[in-house]
Structure formats: C-alpha cells, structure tokens
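The values are calculated or read from the model by the stated rules, or taken from the named source; none is laboratory data. Quick caveat, the model's predicted, so the values are computed rather than measured. So basically every Cβ, Gly included, is an ideal-geometry build from the backbone, and we count neighbours across all protein chains shown. Please note that ligands, DNA and RNA were not included when accessible areas were found on the heavy atoms of the full protein model with its side chains. Shrake-Rupley method; radii C 1.70, N 1.55, O 1.52, S 1.80 Å.
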Amino acid sequence: RVDLDMPDRTESANGVAAPATGITVAYANAFRAVPAVAITAQDMGTGDYYAITSSTAFGFTVRFFNAAGTGVARTFDWLAKGYGMQS
C-alpha cells in the first residue's frame, strides 16, 4: 500500500489592477490540480460583476464588467487554494 499526501497550499496577491480588457494571473508555482479561486474586488459600482473566464493549475483570467456588460478597469485581491506543486 502506498499513501501519498500532498500538502494544501495557497497563493495570493492584493491590489492587482485589472484593465477593462481583463487580466491573466499566473501562479508563482503551478498547482498539481486546478485550485479554488476567490476574488475580492474594490470600487465596484451597483450592478458591476466579474467573470473568471479561464482557470487552470497555472493561473486564471478575470474580467470586470459594469451593469451594461461593458468591460471596466478594477482593482482586486485574489486567493487560490489547492494542493501540490508542478515542477
């Protein structure tokens, strides 16, 4: 019998500026599998929202929109929680 336990780990950043076209965030060290990603946005207006359009073990892409669906620039914090590391 073989037991393999990969330790949980997190990566995060604060005050990331996203342009109206969106931003791709690359992790410093890729996870073994796709991690859970949480976004906390600043200066959001009524009806503003964001979409994570891609999420992989290597990073994610996020874009912010106003209530009319137009891309807008916003600042955000992010946290990714997963396990393992790819070499």
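So here's what we get for this one:
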item: Selection within the stretch 72-86 - more than 18 Å from F31 (Cα to Cα) and either touching a strand residue (DSSP E or B) at 6+ places or on another chain (Cβ under 6 Å) or of a type in the set (D, E) (or both); result: V72, R74, T75, F76, D77
item: Some residue of the stretch 49-64 being open to solvent by 30 Å² or more (accessible area, probe 1.4 Å), assigned to a loop (DSSP other than H, G, I, E, B) and modelled with pLDDT of 95 or more; result: yes
item: Extreme residue, farthest from K81 (Cα to Cα), among residues of the stretch 6-28 that are open to solvent by less than 70 Å² (accessible area, probe 1.4 Å) and part of a loop (DSSP other than H, G, I, E, B); result: A20
item: Condition broken by G71, with the remaining ones in (1) open to solvent by 20 Å² or more (accessible area, probe 1.4 Å); (2) over 14 Å from V16 (Cα atoms) satisfied; result: (1)
item: Tabulated pairs, the stretch 53-81, first closer than 12 Å to A38 by Cα and in contact (Cβ under 8 Å) with a residue 60 or more places away in the chain, second surrounded by 15 or more Cβ atoms within 10 Å (Cβ to Cβ) and of a type in the set (F, W, Y), C-beta under 7 angstrom, 6+ apart or interchain; result: A80/Y27
item: Single residue of the stretch 34-44 satisfying the filter (at pLDDT 95 or above and part of a loop (DSSP other than H, G, I, E, B)) that is surrounded by the fewest Cβ atoms within 10 Å (Cβ to Cβ); result: V34
